[in-house]
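Note sheet for the following structure.
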Amino acid sequence: MQTRRILLALTAATLIGLSGASAQEKSIVVSSTTSTQDSGLFGHILPMFKAKTGIDVKVVSQGTGQALDTGRRGDADVVFVHAKSQEEKFVAEGAGVKRYPVMYNDFVLVGPKSDPAGAKGKDIVAGLKAVMAKGQPFISRGDKSGTHSAELNLWKIAGVDIAKDKGPWYREIGQGMGAALNTGSASNGYVLTDRGTWLSFKNRGDLDIAVEGDNKLFNQYGVILVNPEKHKHVKKELGQAFIDWLVSPEGQKAIADYKINGMQLFFANAAVPGA
């Protein structure tokens, strides 16, 4: 009888241990652009996803280029970023399975309220040229992120070879959006930022929006499952469950409902073809 009780106790302990291990394994790693984290979006939607599915999401917050590289190495199950051409390349090279559009917002150029460059308006090309012409401080993330890629593309549209034409006024910090805004606030410099991070940013100092509303400032986000055929440890089912939830009516509503001071930070558009 004593032996039987011991065996039953050991069996129960083993089952509890396996149950605990199973619970621990019900998690995924998402490598994502800093704006989804810095804006507070993940803090809003991830508890809803976990309540629905029991899946814990561990976020690695990086610039888009780094986030995609994390996926390429197989160090994440899902990537959630905002540089469409880079995302499409990621899928085309077999690093990811399929790209799903999720949401959008826009970029804004912020700078000192006094606008010493005379950049204010709705034309981002004119605004950037004005900053350059006046030699006003411009803070670039310089980190191969989606925002950095967008910034470089805008200089190109403006006819500026920034690698050749940048001077002491142009400062690359190699850090995320929050750090770039903090640097801009401390130096009264101009910064290109996504609106979501700007709306959630507390340390604005003398900064205000200088340029907004230009179609060139559109900012689309996409999500991709890392290819489990390349990395066998990728949690295919759990990662796809996260993606499916994001693009579902429930997930899209959760994204749209996230607001700061009554202002919506992201606009859901998973159902928009070509987004």
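Structure data summary
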read-out: Which numbered condition Ile124 misses (of (1) surrounded by 23 or more Cβ atoms within 10 Å (Cβ to Cβ); (2) in the same structural domain as Ser248 (by TED's automatic domain parsing)); value: (2)
read-out: Residue list for the range 65-99, restricted to those being hydrophobic (A, V, I, L, M, F, W, C) and in a helix (DSSP H, G or I); value: Ala67, Leu68, Phe90, Val91, Ala92
read-out: Tally of residues being in contact with a strand residue (DSSP E or B) (Cβ under 7 Å, 6 or more places away or on another chain) and assigned to a helix (DSSP H, G or I) across the range 197-214; value: 3
read-out: Condition check for Asp77: touching a residue at least 40 places away in the same chain (Cβ under 8 Å) and either touching a strand residue (DSSP E or B) at 6+ places or on another chain (Cβ under 7 Å) or closer than 30 Å to Asp165 by Cα (or both); value: yes
read-out: Looking only at the range 195-244, and only at residues there that are hydroxyl-bearing (Ser, Thr, Tyr) and in contact with a Ser or Thr (Cβ under 6 Å, 6 or more places away or on another chain), the one that is farthest from Asn153 (Cα to Cα); value: Ser200
read-out: Residue in the range 42-64 that is surrounded by the most Cβ atoms within 10 Å (Cβ to Cβ), counting only those that are assigned to a strand (DSSP E or B) and of a type outside the set (A, V, I, L, M); value: Gln62
read-out: Test result for Tyr170, assigned by TED's automatic domain parsing to the domain that holds Gly118 and hydroxyl-bearing (Ser, Thr, Tyr); value: yes
read-out: Residue satisfying all of: in the range 142-191; outside any helix (DSSP H, G or I), under 15 Å from the mean Cα position of the chain (by Cα) and at negative phi; surrounded by the most Cβ atoms within 10 Å (Cβ to Cβ) among these; value: Ser145
read-out: Checklist (1) farther than 29 Å from Val272 by Cα; (2) of a type in the set (A, V, I, L, M, F, W, C); (3) modelled with pLDDT under 95 applied to Ile162, failing item; value: (3)
read-out: Enumeration of residues in the range 69-104 that are buried (at least 24 other Cβ atoms within 10 Å of the Cβ) and not β-branched (Val, Ile, Thr); value: Gly71, Ala76, Asp77, Phe80, His82, Ala83, Glu87, Phe90, Gly96, Met103
read-out: Residue count, the range 215-260 (criterion: hydrophobic (A, V, I, L, M, F, W, C), assigned to a strand (DSSP E or B) and crowded, with 21+ Cβ neighbours inside 10 Å); value: 4
read-out: Check on Ala256, closer than 30 Å to Val125 by Cα, hydrophobic (A, V, I, L, M, F, W, C) and not assigned by TED's automatic domain parsing to the domain that holds Gln175; value: yes
read-out: Filter result (out of contact with any Pro (no Cβ under 8 Å at 6 or more places or on another chain) and more than 15 Å from Arg141 (Cβ to Cβ)) within the range 178-195; value: Ala186, Arg195
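The values are calculated or read from the model by the stated rules, or taken from the named source; none is laboratory data. Treat the numbers as computed from the prediction; the structure is a model and nothing was measured. Virtual Cβ from ideal backbone geometry, glycine too; neighbours counted across all protein chains shown.
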